Structures are given as structure tokens and as C-alpha cells.
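First comes the structure, then the notes that go with it.
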Amino acid sequence: PETSTNISIRSFSRRVRGGLDDPDEELNEHKASEAERRLTKTPSATDMEFFSQLADDLEDDEDDDEKIDAEYQRKQEEIRRELDSRTGRGWTDPWHISEEQWMSLQTYDDLPEWSPEFVSRISQERVKVYSEGIPILSVLASMSLPPEACPHPGLGKTKEYAAYRKEVHYRHIAQKAQELAKPKVERILKLKTWEEKQDAVDELFESVEEQLRNQEEILGLHPEFPNWVGMALEEYLTDVKDGESKDSVKKTDAASKDAEAEPLFMDCFDPNEPDEIVPSILSPLRPHPREGPGRMVEEWQLSANKKTKRILMRACTRKVAEALEKNDVSRVFVHGRRGVGKSAVLTSIVASARKSGHVVMYIPDGDRLRKNGFFITPNSAREGMYDLQD
């Protein structure tokens, strides 16, 4: 009996120490230590009562574990049913590789050519391409394009980012304030005397600020909140007085159009040159052996659709087109950190300018002149210009 009791006690000790996921780990450790201490002497009635209680606790823990496992299985079954109810290619296509596919001798060359049928409807609708392929400079200069991305605080532009966020908050408050003020301003305009209108306007400022503060629990605590509301209402009332915004809260200027604009691509693909990686309108652009502007060409090479040479048109592209179209600058300096798309902007301008009929001398990689040229000499005919020697 003593031997079997010791074996049972050691079994309880091992189970308590390492196996039942008791939520109170310190309690487990205490029970195990107490069990080992009682092993050093002959078990008494108190010890047997202790181990009997310990056995009951372990059985309760096992019951709890079974309940937890059952609840986990129930939730997993709900997730599986929810996934099985979804439709679409991502859910209806088989996710496993069959035995026939594993044993097939089919190679990459045997696969069918790319087709728009392989692209989802949502992807095709989201990608917008300019209908005529490449816009001319005058069209590009007046095109509505998405605004530039906000300055990133991780790149050392913390003050610029703070100013940007402040402007975003103000525009949000201004839109809400004008929406609340619109019906009230319409009633104010129907008043007959100037005194009545003035009193109503004073009340308008107070009521709109109070309503908006109740709606905006976070921005309502901002120290600039009263100033934002006041500026927004003054701007709206001025527009109404001038007859510019009686029927619409939103402005129709270029900035608001850009905010609603969708990303748009130009397509430099020439159907008369189906096998050319770089279209002739972008000559002498070519793949670069190491980084450089040829990375854009590499994207075209890797594209599954060989009948497209797309370049994303951005707000900075339009700025360059505006400067060239107005002809009010002699030089345009495009700058930015590596990989932001400087070469893509210049390539877009080259394509648009050549499409407009301009003669463009295009040097895709100006750094090659510096590396391959030995020295330069001042031009004898034009001051400020230099010649690269042969």
C-alpha cells in the first residue's frame, strides 16, 4: 500500500507540475511542492485527504479542458461554415494540388498565354487608363489627378507632417460645420431686417459649435476647435454672400477635384511595335544593367500583359506639364529620394511632349555623361554652356 501510494503521489505531482494548463501557475507550483514534501514521510490521514482533494482538483481541471476544447471546436466549425458560404474565384477555386497535377509533365511554356479573362472584374475596374494612351501637354496640365502623399514623419519631416494633419482636421471640421450651417443659413436669408439677420448669425456660430462639439468627441477637445469652426463658418457665409455656394457645400475648385480623382495611367504601347520592349516614343530609354531608370523597363518586361506600357500620372507630373505649357520657366528640377519615381515623371513628360509635336532630346541616365566624360570646356558660342569632349 505504501508503494502504490507513493506512485500515486508522484503521478499527481508530475501531473500538477506539467500537464493540465491550470490558469494559476503559481498555485500549481505550490501544490506540486507540497506533494513532494509529503512524499518524504509516511502518508498520514491528513496527507491522504490532501491527495484526495488534489485528485478532485485535477479531475475538475480535466473537465474544464474538455469544455474549452469543445468551445474551440464549435468556433472553428462556425468559421469553416462561414468560409464555405463565400463565393468568388478566391473561394471557389480548388486550394489543393491534385495527384494528376503533381505527376504532370507540363512546363511553363505549355501554360496558356495571359488573357484579361484571368483578371478579376474588380481589378479591371480599378485600373484606369487614359483613353487615348498618351495625353498631350495641354491636356496633362489640366488633368485632375490624386494629390501627393502626405510627408512621412519617419523621413525627418515631422513639422510638415504635423501641419498636414492639422490641415486635414480643419477640412474635416469645416465640412461638418458647413453641413450643419446650410439649413440654418437658408432660414437666415429669409429674414427681413439686418438686425434679425445679425442676431441669427451670432446664434448660428454658438449653436453650430455646440452641435459639432457633441458629435466630435476627440477633435472637440482640440484647443483650436473654436477657431476652426469660426473660420469655416466665416468662409461659408462669405461664399453665400457672394453667391458662390448657395446650392452646394463642397467647393468645385481644382483641389477638391483632385481629392476625388482616381489614379490614372498613360499607356505608351504602340500596336505598330508589338515586339519592342521600349516604344520608340521613349527612345533612347533602355534597360539599365544596374538599378537606374531602366527599372521601369524591367517592370514592363515582367508584366504578364505584353500589350501595355503603363506609367502612373501623378500630381507632380502635372506640375511639370503646367510649367512647360505656360513656358514661364527655363529649368525644372525634379528631386526626391531614391525610388520615388523621378524617372517615371520625366518619362511621362517626354512621351507627352513628343505626342504634342515637340522635339525632345532625352537623356535617360545623365550620370553616364559624368562617368564616361573626361572633362568639359566652356562653349565659345553660348555663355554658361559647356561641351563634353569626345
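Which condition from (1) open to solvent by 40 Å² or more (accessible area, probe 1.4 Å); (2) modelled with pLDDT of 85 or more; (3) within 24 Å of Lys319 (Cα to Cα) is the one that Asn272 breaks?
(3)
Read through the list (1) among the polar types (S, T, N, Q); (2) free of Cβ contacts under 8 Å to residues at least 60 places away in the same chain; (3) buried (at least 20 other Cβ atoms within 10 Å of the Cβ), then give the number of the only condition that Gln301 fails.
Tallying (1) among the polar types (S, T, N, Q); (2) free of Cβ contacts under 8 Å to residues at least 60 places away in the same chain; (3) buried (at least 20 other Cβ atoms within 10 Å of the Cβ), Gln301 fails exactly one: (3).
Among the numbered criteria (1) under 29 Å from the mean Cα position of the chain (by Cα); (2) modelled with pLDDT under 80, which one does Ser248 miss?
If we test Ser248 against (1) under 29 Å from the mean Cα position of the chain (by Cα); (2) modelled with pLDDT under 80, just (1) comes out false.
If a residue has to be among the aliphatic types (A, V, I, L, M) and part of a loop (DSSP other than H, G, I, E, B) to count, how many in the range 335-359 make the cut?
Going through the range 335-359 one residue at a time, the tally reaches 2.
Being among the polar types (S, T, N, Q), part of a helix (DSSP H, G or I) and either in contact with a Lys or Arg (Cβ under 9 Å, 6 or more places away or on another chain) or under 11 Å from Ala232 (Cβ atoms) (or both), is that true of even one residue in the range 186-198? Break it down into steps so the answer makes sense when it comes.
Within the range 186-198, the first condition is being among the polar types (S, T, N, Q), and the residues that meet it are 193, 198.
From what is left, the residues that are part of a helix (DSSP H, G or I) are 198.
Filter once more, keeping what is either in contact with a Lys or Arg (Cβ under 9 Å, 6 or more places away or on another chain) or under 11 Å from Ala232 (Cβ atoms) (or both): none.
For the range 186-198, residues among the polar types (S, T, N, Q), part of a helix (DSSP H, G or I) and either in contact with a Lys or Arg (Cβ under 9 Å, 6 or more places away or on another chain) or under 11 Å from Ala232 (Cβ atoms) (or both): absent.
Restricting attention to the range 101-125, report how many residues are open to solvent by less than 100 Å² (accessible area, probe 1.4 Å) and either in contact with a helix residue (DSSP H, G or I) (Cβ under 8 Å, 6 or more places away or on another chain) or under 12 Å from Asn305 (Cβ atoms) (or both).
Adding up the residues that qualify gives 7.
Any residue that is within 23 Å of Asn272 (Cβ to Cβ), of a type in the set (D, E, K, R) and modelled with pLDDT of 80 or more - is there at least one of those in the range 309-320?
Yes.
Scan Glu148, Glu206, Glu224 and give me the residue that is in contact (Cβ under 8 Å) with a residue 60 or more places away in the chain and surrounded by fewer than 14 Cβ atoms within 10 Å (Cβ to Cβ).
Just a single option satisfies the conditions, and that option is Glu148.
With respect to Tyr164, is the statement that it is touching a Cys at 6+ places or on another chain (Cβ under 6 Å) and in contact (Cβ under 8 Å) with a residue 12 or more places away in the chain true? Spell out the reasoning first.
Details: touching a Cys at 6+ places or on another chain (Cβ under 6 Å): yes; in contact (Cβ under 8 Å) with a residue 12 or more places away in the chain: yes.
In short, yes.
Mind checking which pairs have a first residue in the range 334-357 that is of a type in the set (Ser, Thr, Tyr) and a second that is part of a loop (DSSP other than H, G, I, E, B), Cβ under 7 Å, 6 or more apart or different chains?
Sorted first by the residue in the range 334-357, then by its partner, the pairs are Ser343/Pro293; Thr347/Leu285; Ser352/Ile134; Ser352/Pro135; Ser352/Ile136; Ser356/Ile136.
Only one of (1) under 30 Å from Cys268 (Cβ atoms); (2) buried (at least 16 other Cβ atoms within 10 Å of the Cβ); (3) not hydrophobic (A, V, I, L, M, F, W, C) fails for Gln178. Which number is that?
The one condition Gln178 does not meet is (1).
Taking Val332, is it under 23 Å from Asp258 (Cα atoms), open to solvent by 60 Å² or more (accessible area, probe 1.4 Å) and not in a helix (DSSP H, G or I)?
Answer is yes for this residue.
Taking the range 342-365 as the region of interest, how many residues are under 24 Å from Ala315 (Cβ atoms) and open to solvent by 20 Å² or more (accessible area, probe 1.4 Å)?
Total satisfying the criteria: 11.
How many residues are in contact with a Leu (Cβ under 7 Å, 6 or more places away or on another chain) and loosely packed, with under 12 Cβ neighbours inside 10 Å when one looks only at the range 181-202?
Summing the residues that are in contact with a Leu (Cβ under 7 Å, 6 or more places away or on another chain) and loosely packed, with under 12 Cβ neighbours inside 10 Å in the range 181-202 gives 0.
The values are calculated or read from the model by the stated rules, or taken from the named source; none is laboratory data. Keep in mind it's a predicted model, so treat the numbers as computed, not measured. Methodologically, a virtual Cβ is constructed for each residue, glycine included, from the backbone with ideal geometry; neighbour enumeration extends over all protein chains shown. Note: accessible area is taken over every heavy atom of the protein model, side chains too, but ligands, DNA and RNA are not part of it. Shrake-Rupley method; radii C 1.70, N 1.55, O 1.52, S 1.80 Å.
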